[in-house]
Amino acid sequence: MAFPESLPRVAVVGCGQWGQNLVRNFAKLRVLDAVVDAIPSRADKAAEQLRSQGYGNSVKARDWESVLADHSITAIVLATPAPQHADMAIAALDAGKHVFVEKPLALAVADGERIQDAARKARRLVMAGHSFQYHPAFVKLKALVDEGQLGRLRHIHSRRLGFGRIRHEEDVFWNLAPHDISMILALVGVGQYPTAIQAQGIGHLRPHTADVASADLTFANGLRAQILVSWMYPEKERKLIVVGEQAMAVFDDCEPWERKLRVFHHRVDWTTGFPEPLKGETKTVQVHMASEGGEPEPEALAYECSHFLDCIQSGTEPLTGLDEALPVIRVLSAVGEILRQGQKHATTSTTSTSASLSPVLLAGSISEGKATCTAVGEKAKIPIPIPIIDLAAQKSRIKDHLRGRLATVLDHMQFVMGPEVAELENRLCAYSGAASAVTCASGTDALTLALLALRVQRGDAVLVPAFTFVATVEPVVLLGAVPVFVDVDPDSLTIDPALVHAGVATAREAGLRPVGIIAVDLFGHPANYKALRLAAASAPTESLWIIADAAQSFGASVDGRRVGTLADITTTSFFPSKPLGCYGDGGAVFTDNPELAAILRSLRLHGRGAEKFDNVRVGLNSRLDTLQAAVLLCKLDILGDEIDCRQQVASLYTSILRSADIARPPVLRKGVISAWASYTIRTTDRDCLEARLKAHGVTSAIYYPRPIHKQPAYQAYPVANGSCAVAECACSEVLSIPMHPYLEESTQKHILAAMEPLTSI
């Protein structure tokens with residue numbers, strides 16, 4: 001067989017079961033020059049089979065040393081036992097060969113890094129045999145994910161099960177899971193690695209080697225992935241299930257081509273505040289195209305082998321090169337370390353001839369390739385005291401990403417209005433749907449900037465709810481305008497649209513010009529903007545603008561529209577305890593009006609005009625620090641998942657409290673998805689309930705103990721209809737209990753149990 005000069009010449013080392021597949025495919029590609037095996041007779045047999053299949057006498061059975069010394073051989077393909085991979089790959093690289101290594105690349109991270117160093121030194125490429133990355137069904141699945149057809153990914157589940165071949169060199173996870181980890185990391189996206197891992201292994205056959213294993217991977221963006229592998233399963237199963245917010249996909253390699261990839265247009269709806277499954281149609285995705293003559297499409301391995309040759313010729317990095325393979329090894333190593341730690345908890349039978357490894361569930365984290373793990377007991381321990389929010393749990397989840405972001409800022413040293421600020425503003429627009437997002441130094445400044453942009457001045461009256469934090473009212477007074485306090489709706493405790501006309505009348509009676517409304521999204525629940533717009537439009541005055549004070553509600557939505565687009569201008573706070581919080585103060589203003597956006601950007605920079613020393617209006621110094629923008633970018637990555645987790649926490653609270661007389665759960669309007677900045681109940685026996693919670697180690701808080709119109713600094717300002725009775729009543733009843741995305745169900749039930757005897761868990 002004559003070799004085209006432009007094609008590499010390949011030697012396949014290892015002629016076992018999988019090695020024979022590689023031999024066959026490289027022979028078909030007409031690049032195979034030699035086969036090598038530690039058992040010479042097996043190499044001879046492989047070469048003879050190729051001759052009988054019409055490949056001539058060009059493929060020779062040779063020994064390892066002669067192949068390394070042969071400068072005409074361009075590349076070596078390793079299908080040897082896994083413990084030999086690292087040393088043989090390095091020897092091949094040192095001999096100037098490109099290397100294809102069957103999975104796993106190595107059995108230790110350090111060995112993978114040794115291969116990487118050798119590849120850099122030799123200037124040769126290394127490719128790992130993660131063949132499912134080249135499978136037409138997976139290629140199509142990844143395209144669907146990348147195109148957003150499944151929506152944001154929430155969960156991935158893979159199953160690789162069968163009976164036999166039982167390995168002696170590695171456990172079942174190292175043997176079977178590399179493909180699954182490779183596919184999961186590809187779907188999650190470049191640079192996304194697990195931040196936490198749980199794993200368990202069962203050794204039916206040998207006490208210190210798992211032949212059934214599972215792992216649970218948690219990623220910084222909130223996605224969870226489960227992997228189950230087994231040598232002890234009666235049927236062959238090769239399945240990857242991907243669950244997105246808009247649809248779900250199943251890649252089943254054991255199905256015929258016409259059913260290998262199916263998409264289920266199912267999703268979960270939260271419109272009512274509770275999860276409701278909505279089933280859609282199921283579609284089979286075409287991934288198979290017959291080649292000429294009706295021959296079946298080549299196997300994934302054929303695409304993989306061709307890709308290896310193409311990369312050698314073009315000098316490009318393989319799809320499953322070292323940048324892809326080393327993260328897979330790191331995950332494998334982390335799981336392996338967790339399983340080894342599990343062996344310390346193992347029990348070995350003394351009454352049977354076979355030993356068993358007790359399944360021990362361990363939790364672990366992965367950072368810089370090192371795994372740490374802790375045995376998880378049957379009953380979770382409840383942290384005491386239980387905090388209202390848990391920033392530490394969130395920090396643990398994002399710490400690696402956070403360190404990288406902060407290090408980047410410290411490297412470029414643009415601490416004021418650095419590139420992260422513009423990136424954050426663009427991301428905030430993309431998340432909220434608003435045309436413009438202008439960041440600033442705090443939520444209070446956001447309101448001040450909004451009022452300045454709307455030209456609020458002395459003699460103006462602004463309608464504000466009586467039940468809110470003082471920061472809602474402060475900027476109105478500081479700008480010389482007058483707040484008119486309006487009572488709140490009895491259910492939502494947000495400003496009551498039915499009282500807008502009364503507020504306008506009260507302002508006029510005081511000789512003021514009513515110009516607008518500040519509606520507060522309380523506890524994460526958006527105010528009733530539809531009713532407010534109708535009330536504002538019909539008020540006996542010139543048009544009233546509406547500002548949404550969304551300090552507590554960023555991430556919430558109404559009828560599918562997210563906060564940031566519900567009012568003329570929306571302001572929010574990035575105070576650390578908010579749904580999207582930084583590690584200090586910060587805020588932002590959202591608007592779809594480009595003229596207002598330009599004014600806001602000027603106002604936050606001392607009223608700046610076209611250049612630094614051109615001041616066209618009186619403004620503020622209110623810029624978001626670049627370091628805080630870096631923090632927020634990390635948190636924005638996981639905000640969607642955290643909002644979903646808050647829904648689940650709220651759903652459990654509400655479902656149990658609905659049947660209890662001790663407290664009333666929050667009430668949401670139809671179509672509202674709350675950001676659940678807090679979970680605030682109402683009770684007429686607050687002091688007793690607060691004491692019971694404290695006795696059980698549960699932190700609680702009162703938001704707010706006194707309405708604003710009763711505060712000493714604001715008692716002189718007008719009150720619509722002369723009374724805010726609902727707000728005053730709410731101040732005597734509200735109590736906020738722990739609410740955050742990392743609240744475990746067992747902790748929630750402990751909190752609810754503290755409300756006994758009327759609450760039954």
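Taking interchain pairs and intrachain pairs at least six residues apart, which have beta carbon atoms under 8 angstrom, with the first residue in the stretch 289-317 and part of a loop (DSSP other than H, G, I, E, B) and of a type in the set (Ser, Thr, Tyr) and the second at pLDDT 90 or above and surrounded by fewer than 15 Cβ atoms within 10 Å (Cβ to Cβ)?
THR316/ASP310
Residue by residue through the stretch 550-583, note down the ones that are open to solvent by 10 Å² or more (accessible area, probe 1.4 Å), closer than 26 Å to GLN628 by Cα and not in a loop (DSSP other than H, G, I, E, B).
Residues satisfying the conditions are SER557, ARG562, SER573.
For the stretch 225-249, which positions are part of a strand (DSSP E or B), open to solvent by less than 10 Å² (accessible area, probe 1.4 Å) and within 22 Å of LEU141 (Cβ to Cβ)?
ALA225, ILE227, VAL229, LEU240, VAL242, GLY244, ALA249
Please specify each residue of the stretch 201-221 satisfying the condition of being within 29 Å of LYS279 (Cβ to Cβ), surrounded by fewer than 22 Cβ atoms within 10 Å (Cβ to Cβ) and not β-branched (Val, Ile, Thr).
Matches in the stretch 201-221: SER214, ASP216, ASN221.
From the list ALA650, ALA598, exactly one residue is modelled with pLDDT of 95 or more and small (Gly, Ala, Ser). Which is it?
Unique residue meeting the criteria: ALA598.
Within the stretch 110-133, count every residue that is surrounded by 22 or more Cβ atoms within 10 Å (Cβ to Cβ) and not polar (S, T, N, Q).
Count: 8.
Taking the stretch 28-44 as the region of interest, how many residues are within 46 Å of the chain's Cα centre (by Cα), under 21 Å from ALA302 (Cβ atoms) and open to solvent by less than 80 Å² (accessible area, probe 1.4 Å)?
Total meeting the criteria: 4.
Considering only the stretch 621-635, state which residues are crowded, with 21+ Cβ neighbours inside 10 Å and in a helix (DSSP H, G or I).
Listed by number, the residues that qualify are THR626, GLN628, ALA629, ALA630, VAL631, LEU632, CYS634, LYS635.
Considering only residues that are crowded, with 17+ Cβ neighbours inside 10 Å and over 14 Å from PRO136 (Cβ atoms), which ones fall in the stretch 250-261?
Scanning the stretch 250-261 gives a single hit, VAL250.
Do you know which residues across the stretch 186-224 are part of a strand (DSSP E or B), in contact with a Pro (Cβ under 8 Å, 6 or more places away or on another chain) and closer than 26 Å to TYR742 by Cα?
Passing the criteria: GLN200, LEU217, THR218, PHE219.
Only one of SER72, SER66 is among the hydroxyl-bearing types (Ser, Thr, Tyr), open to solvent by 20 Å² or more (accessible area, probe 1.4 Å), more than 30 Å from GLU642 (Cβ to Cβ) and in a loop (DSSP other than H, G, I, E, B); which?
Step by step, each of SER72, SER66 is checked, and only SER72 is among the hydroxyl-bearing types (Ser, Thr, Tyr), open to solvent by 20 Å² or more (accessible area, probe 1.4 Å), more than 30 Å from GLU642 (Cβ to Cβ) and in a loop (DSSP other than H, G, I, E, B).
Assess whether PHE467 counts as being open to solvent by less than 10 Å² (accessible area, probe 1.4 Å), over 19 Å from GLY564 (Cα atoms) and either modelled with pLDDT under 95 or not in a loop (DSSP other than H, G, I, E, B) (or both).
So PHE467 does not fit the description; no.
Please state which of the following conditions LYS530 fails to meet, knowing it meets all the rest: (1) in contact with a Cys (Cβ under 6 Å, 6 or more places away or on another chain); (2) open to solvent by 10 Å² or more (accessible area, probe 1.4 Å); (3) not acidic (Asp, Glu).
The one condition LYS530 does not meet is (1).
Only one of these is within 22 Å of LEU301 (Cβ to Cβ) and under 41 Å from the mean Cα position of the chain (by Cα): ALA11, ALA82, ALA47. Name it.
Every option except ALA82 fails the conditions.
Matching residues to (1) surrounded by fewer than 24 Cβ atoms within 10 Å (Cβ to Cβ); (2) on the phi > 0 side of the Ramachandran plot; (3) out of contact with any Asp or Glu (no Cβ under 9 Å at 6 or more places or on another chain):
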residue	(1), (2), (3)
PRO526	no, no, yes
SER538	yes, no, yes
LEU596	yes, no, no
LEU600	no, no, yes
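Quick check on the stretch 477-504: of everything there that is of a type in the set (A, V, I, L, M, F, W, C) and under 17 Å from ALA716 (Cα atoms), which residue is surrounded by the most Cβ atoms within 10 Å (Cβ to Cβ)?
Going through the qualifying residues, I end up with VAL486.
State all residues of the stretch 502-555 that are aromatic (Phe, Trp, Tyr) and without any contact (Cβ under 8 Å) to a residue 60 or more places away in the chain; if no residue qualifies, say none.
Answer for the stretch 502-555, where residues must be aromatic (Phe, Trp, Tyr) and without any contact (Cβ under 8 Å) to a residue 60 or more places away in the chain: just TYR529.
The values are calculated or read from the model by the stated rules, or taken from the named source; none is laboratory data. As the structure is a prediction and not an experimental result, all values here were calculated from the model. Using ideal geometry, Cβ is built from the backbone for each residue, glycine included, and neighbour counts are taken over all protein chains shown. Just the protein is used for accessible areas: all its heavy atoms, side chains included, with ligands, DNA and RNA removed. Shrake-Rupley method; radii C 1.70, N 1.55, O 1.52, S 1.80 Å.
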